[in-house]
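Notes to accompany the following structure.
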Amino acid sequence: MGSTARVRAPELRGRQWLNTGGQNLTLQDLRGKIVIADFWTFCCINCLHVLDELRPLEEKYGDVLVVIGVHSPKFEHEKDADALAAAVERYGVRHPVLDDPEMDMWQQYAARAWPTLSVIDPEGYVVATMAGEGHAEGLSRLIDELVATHEAKGTLHRGDGPYVPPPAPETALRFPGKAALLPNGNLLVSDSARHSLVEVDQDGETPVRRIGSGERGRADGPAAAAMFSEPQGVCLLPTPVAEVAGYDLVVADTVNHLLRGVRLESGEVVTVAGSGRQWRAEVDDHAHDALAVDLSSPWDLAWYDDKLIIAMAGIHQLWWFDPIKRTAGMYAGTTVEALRDGPLAEAWMAQPSGLSVSADGTRLWVADSETSAVRYVENGVLGTAVGQGLFDFGHVDGPAESALLQHPLGVCALPDGSVLIADTYNGAVRRFDPATNQVSTVADGLAEPSDLVLTPSGEVLVVESAAHRLTRLAPGALSAAGASTVDGPRHRTERTPTDVAAGEVTLDIVFSPAPGQKLDETYGPSTRLVVSASPPELLVEGAGTGTELSRRLVLNGEVTAGVLQVTAQAATCDADVEHAACHLTRQDWGVPVRVVDGAVTRVPLVLRGLDA
C-alpha cells in the first residue's frame, strides 16, 4: 500500500446514528472490518450516484465491508434530523449513517468535496481517499488487496455488519417525485421510493392502478412486471408524436439513467432512450442514437421547441430527445456546476431538476436546484429570474434580484405568465411574477414539495414528497390577497477557505490509478482539467480546459476572496488483460479561497490518493 507513515482514522462522532437500531458505533466496534466512510449530503446528485455505485460492493463484500454514510450538510434544511432520516429512506440507504450537522467529521477527515470517500483498513488506519464518482472498480480492487493482506495477518473478521433496517412504512405513496395530468383527468405520479408509477383519481388521493412491480430494477414489459429505479419526471407527448412513437408518455427513470415510454391503455413500458450506463464522456452537440447514448440522472421532462427536453441533473445540463427520429443530444450547459447565463452552449447550470413551459410556448422555466435558482430558456439563451449562486440561499420574498430560495425542485408556469416554484427545502410554494419582478410566498409549512400541477379548473396540486401525498393549494392562494411576503433567514454555505498567495499558484490534482489499472489514452488524452473562478477577475491566468492535472494559475492580488471552480477527470483501463475494461473518475470542486500575502502557493485536490 506504499511506504508513507500510516494515519490513524479519527473517531466517528456526531449527533446521532441512523440504521443501527439505536446503537452508537465507534471505530473499535468496526475493528476487523474494511470501512468506507462516505461523506455525502442528500441534495447532491454526485453523492446519490455514489450511493448507487456502493450498492454492488456492499452486496459482494457484505461479510468484510462496512459502509458508513457521514452526512455533511450543505443546506440548512439538511441539518434537520427528521429530514435526514427521510432522505435515508427515500434513497434506499442500506448502511449506518452518522448525522454530522456541524461537519466535525468533514473537518477531521479533511474532506474538500461532496462526495468524498475514505477507506479505513481493519486495523483502523486510513489507506485511501478519493473524491467524486466513478471509483467502484478501484474500490473493488483495493478491497480485494486489503482482504488478502489482513486475512494473512489474522486481522480480518468476517461476519454481519452493524446495519439494522428501520420498520417498513405503510402509505399509499412513498416519496412521490413528480406528477402529470392525464387526458382522463386523473394524475400519474412517480412513486419514487417504490420504484413505480401510480395513477390516482381526480381527487388526488385514490389509487387507480400501479405501473411497475414496486421493486428496484430495470425491465420493460407489462405494467405489473416492468421495473424502474427511483423514477421522477413524467411528460405526456403531443398526440401526433405519440401516434408515431407508439407510446403516450415518457418517464425519467432517474437511477437507471434511462427514459422509458409508457402506453397508457395497457400500461406497457418500453425503454426509449439511454444505454443504462451513466454518462462520463465529452460534451458534443451531435445527435446520437437515443438507445446508445449514455444519460446521467434525468430528473424531469417537458415538451418544448418541438422536442422533449430533459433536465439532466447528473451532469448539470439540459438535453433533448426526439421520439420520432429516436435521437438525443445536448441542449444547454457545459457540465460545469455553477450559475452563469448566456447562449445555451456556454451557460452553466447546477443540477436542474424541474421544467415547465409557459402557456404561449415561448419560455422554458427551469428549477436549478443547487444554485437555489429559477432559470429560463428563451430565444436560445439561458437567463436567471431568481437566484444568486451555489452557496446563497434562504427564504426571502420581494424583488427578484434580492429574493432567495432553498433547493427548489419544481416549477409550474401559470396562464398569466408567472411561475409557481416548489421551494423544496423551505417547505413552501413561491411565485415569481415577471410583470412585477416580485417573488412572494403562496403556501408554506409543506413537507419537501417537489412538483406542482395546474388542473383545467385552475386548482394547483402540490406533490408533497416527504408527506407522501398530493396536496391542494387553498382556494385564493394565488390571488394577490392570498400571497404573503416573507423576509426570512438568509444563508450562505460557509466552508473553511484556503489561504493562497497572490501571483503564481500551482493547482495539483492528486490521482493514482487503482490497483491493476493504468491511465488510458486509447481515445485521446487520459486526463482533463477545467478551471474557472467566481468572480472571473480572481484568475489572471490559468482559466480554461487542458489535459494536464497540474496547472499554473495567476491570482489577482486585488481580489481578496472568491471560489476556484475545478472539474477533473481521469480515464483508466485494466492493465495487462486481454479484454480490458475502461473506467472514468470525475469530480467538481468549488474551492473557496482568500488571497493573503505570504500564504501557500500550491493547492492540492485529491481525486484518488493511496495512503492518504
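Just the number, please: Stokes-Einstein D of the range 76-120 in µm²/s, Kirkwood Rh from C-alpha pairs, 25 °C, 0.890 mPa s.
The diffusion coefficient I find is 206 µm²/s.
Each residue of the range 422-430 was assigned a 3J(HN,Hα) from its phi angle through the Karplus curve 6.51 cos²θ - 1.76 cosθ + 1.60 (θ = phi - 60°); the sequence is 7, 8, 4, 7, 8, x, 9, 10, 10 Hz, with glycine and proline shown as x. Here the range 295-361 is described by how far its Cα atoms reach on the three principal axes: 32, 28, 19 Å, from widest to narrowest. Using the empirical formula 2.2 N^0.38 Å as the baseline, the Cα radius of gyration of the range 496-612 reaches a ratio of 1.19. For the range 360-494, the calculated P(r) over all alpha carbon pairs, in 5 Å bins from 0 to the bin holding the longest distance, is 2, 11, 22, 26, 21, 12, 5, 1, 0 percent.
If you take the square roots of the eigenvalues of the alpha-carbon gyration tensor of the range 86-211 and sort them as a ≥ b ≥ c, do you get rounded (a/c under 1.5), prolate (a/b over b/c) or oblate? Prolate shape, in that a/c is at least 1.5 and a/b is the bigger ratio.
How long is the gain from residue 324 to residue 346 if the chain were fully straight, where each residue apart is worth 0.36 nm and the alpha carbon distance is subtracted? Write down the numbers at each step before the final one.
Details: separation 22, 0.36 × 22 = 7.92 nm, distance 2.77 nm.
Here the answer is 5.1 nm.
How large is the helix-only mean residue ellipticity at 222 nm for the chain, computed as the sum of -39500 (n - 2.57) over DSSP H runs with n ≥ 4, divided by its residue count, in deg cm²/dmol to the nearest 500? Let's see the in-between values first.
Details: 5 runs with 56 residues, N = 612.
It comes out at -3000 deg cm²/dmol, rounded to the nearest 500.
The calculated pair-distance distribution of the range 1-140 uses every alpha carbon pair, bins of 10 angstrom beginning at 0, and gives 12, 47, 36, 5, 0 percent.
Taking amide H atoms as placed 1.01 Å from N in the peptide plane, the amide H of residue 355 lies under 5 Å from those of 301, 367, 411, each 5 or more residues away in sequence or on another chain.
With a simple spin-label model that places each label point 7 Å from the Cα along the Cα-to-Cβ direction, the separation between residue 561 and residue 23 comes to 4.4 nm. Neighbours of residue 31 by Cβ distance under 11 Å: Lys/Arg scored +1, Asp/Glu scored -1, total -2. Each Lys or Arg adds one and each Asp or Glu takes one away; over the other residues whose Cβ falls under 11 Å from the Cβ of residue 294, this sums to +2.
What helices in the chain pass both tests, a Cα length along the helix axis of 18 Å or more and a mean Kyte hydropathy of -1.0 or higher, using whole DSSP H runs? Display every interim value, and only then the final one.
Numbers: long enough: 45-60 (24 Å, -0.27); 136-153 (25 Å, -0.11).
Helix filter hits for the chain: 45-60, 136-153.
Using the Cβ-Cβ distance between residue 16 and residue 215 with R0 set to 41 Å, the FRET efficiency works out to roughly 0.85.
For the range 263-389, what is the Kirkwood estimate of the hydrodynamic radius, computed as the reciprocal of the mean inverse distance between distinct Cα atoms, to one decimal in Å? Don't skip to the answer; put the middle values down first.
Working: mean 1/r = 0.0680 Å⁻¹.
Across the range 263-389, the inverse of the average 1/r is 14.7 Å.
Would you please give the FRET efficiency between residue 202 and residue 522, computed as 1/(1 + (r/R0)^6) with r the Cβ-Cβ distance and R0 = 45 Å, to the nearest 0.05? Calculated transfer efficiency: 0.20. Annotation: aspartates and glutamates with alpha-carbon distance below 18 angstrom to residue 325 (same-chain offsets under eight excluded): 243, 248, 285, 289, 294, 305, 306. Listed cross-link partners 60/178; 153/518; 79/178; 60/307 are compared with a 30 Å cut-off, the Cα-Cα value being larger for 60/178; 60/307.
Using the Kirkwood radius built from alpha carbon pairs, what does the Stokes-Einstein equation give as D for the range 172-332 at 20 °C and 1.002 mPa s, in µm² per second? Walk me through the numbers before you get to the answer.
On the way: Rh = 15.3 Å.
Rounded to a whole number, D works out at 140 µm²/s.
Need the full-extension length gain, residue 508 to residue 148, defined as separation in residues times 0.36 nm minus the C-alpha distance. One decimal, nm.
On the way: separation 360, 0.36 × 360 = 129.60 nm, distance 3.23 nm.
Between residue 508 and residue 148, full extension yields an extra 126.4 nm.
Lys/Arg Cβ at +1, Asp/Glu Cβ at -1, dipole of the range 1-168 taken about the Cα centre: which of 129, 67, 22 is farthest positive-ward? Looking along the dipole axis, the top candidate is 129.
Other residues with beta-carbon under 11 Å from the beta-carbon of residue 140 carry, at +1 per Lys or Arg and -1 per Asp or Glu, a net charge of -2.
Taking all pairs of different Cα atoms in the range 530-579, averaging 1/r and flipping that mean, what Kirkwood radius in angstroms comes out?
Values: mean 1/r = 0.0781 Å⁻¹.
12.8 Å is the Kirkwood radius here.
Pairwise Cα separations in the range 406-465 fall into 10 Å bins from 0 onward with the following percentages, short to long: 26, 55, 18, 0.
Just so you know, all these numbers are worked out from the coordinates, no wet-lab data involved. From a predicted model like this one, the values you see are computed outputs, not experimental measurements. Reconstructed Cβ throughout: ideal geometry from the backbone, glycine too, with neighbour counts over all protein chains shown.
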